[in-house]
């Protein structure tokens, strides 16, 4: 979603992306060029460009006003899983099944660094708020911290006994929280590399994690169908959020940190009050729901499902009949 909340870019297994006008629900552009499914997309801070990563092993930089391809970024050996743009909008970072991350210059499309060290798929990563460091997680069971400017590994964080699926960085840039197939999350001090807490309570793999803007709370999503809220200072659980009937794959927080949005193969998108631990609404979708985006004002949620439908949900005013607040693109 663009920072002004007016447009959203969706990525699809049909090898295309689409740029949507959220007010009218109209498709502004179809972005074509990838030769395989598009797995991830990120929008620049100015809302003018987007970068996508595909199973064709390439990334593409797009002009969102014209729908034109600006650069094709080549270097990965196989599918690209994740992509992010640095806060200053000058560089992109991508991760891949080839066990590497790569840093790209947005202006030239040039590859700046190849971050090597992981020995298995790098499914996810997170940038610190100042854009100086990257924290990556891998199926090799490690978490790694990188200096983005130098392209060097700073430290390897070990302790998980299963594949690590997701990571979030606290706003202060000093801590990271990783989610693993070993059913735990771990809180790390990024400066020392020390594990501060092991967050235990889930009874199946943990697939997603998000941190509140105040850095005091994290929320995790698990294959045990629940989400859990955690106090990051003590490492203790706060709430167990129950409602999904199949694994909870992802969780996203609203900018004020008071609500969470979760997605699942149970064909629902659910909205939660993190202060009370109560479910506010469940929005019914047509198929398995993918990760979602929340607008900067916290009023709009956009998510896509496996059938190719993009949903726009009003999170500002939750009604008893939640379906009445849900539209489709």
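The numbers here are math on the coordinates, done by the rules we state, and not lab data. In this text the structure is predicted, and so the values were computed from the model without any measurement. Here Cβ is always computed from backbone atoms with ideal geometry, including for glycine, and neighbour counts include all displayed protein chains.
Annotations
- Computed from label points 7 Å out along Cα-Cβ, the spacing between residue 111 and residue 214 is 4.5 nm.
- Average Cα contact separation per residue, the chain, under 8 Å, 6 or more apart, as relative contact order %: 8
- As a calculated quantity, the FRET efficiency between residue 149 and residue 14 at R0 = 30 Å, using C-beta atoms, amounts to about 0.20.
- For region 1-65 and region 172-235, distance of Cα centres in Å: 30
- Legend: calculated FRET efficiency, residue 27 to residue 296, from the Cβ-Cβ distance at R0 = 22 Å, rounded to 0.05, equals 0.45.
- Computed lengthening from residue 276 to residue 172, 0.36 nm per intervening residue step minus Cα-Cα distance: 34.9 nm
- In terms of packing, defined here as the mean over residues of other Cβ atoms within 10 angstrom, the peptides 107-116, 224-233 line up highest first as 224-233, 107-116.
- The modelled label-to-label distance between residue 189 and residue 132, using points 7 Å beyond Cα along the C-beta direction, is 1.8 nm.
- Relative contact order computed over region 2-98 (Cα-Cα under 8 Å; 6+ residues apart), in percent: 21
- Euclidean distance of C-alpha centroids, region 85-114 and region 250-305, integer Å: 29
- Shape of the chain from the C-alpha gyration tensor: oblate (a/c of 1.5 or more and a/b not above b/c, with a ≥ b ≥ c the square roots of its eigenvalues).
- Rel. contact order, % - alpha carbon contacts under 8 angstrom, at least six apart, region 51-143: 20
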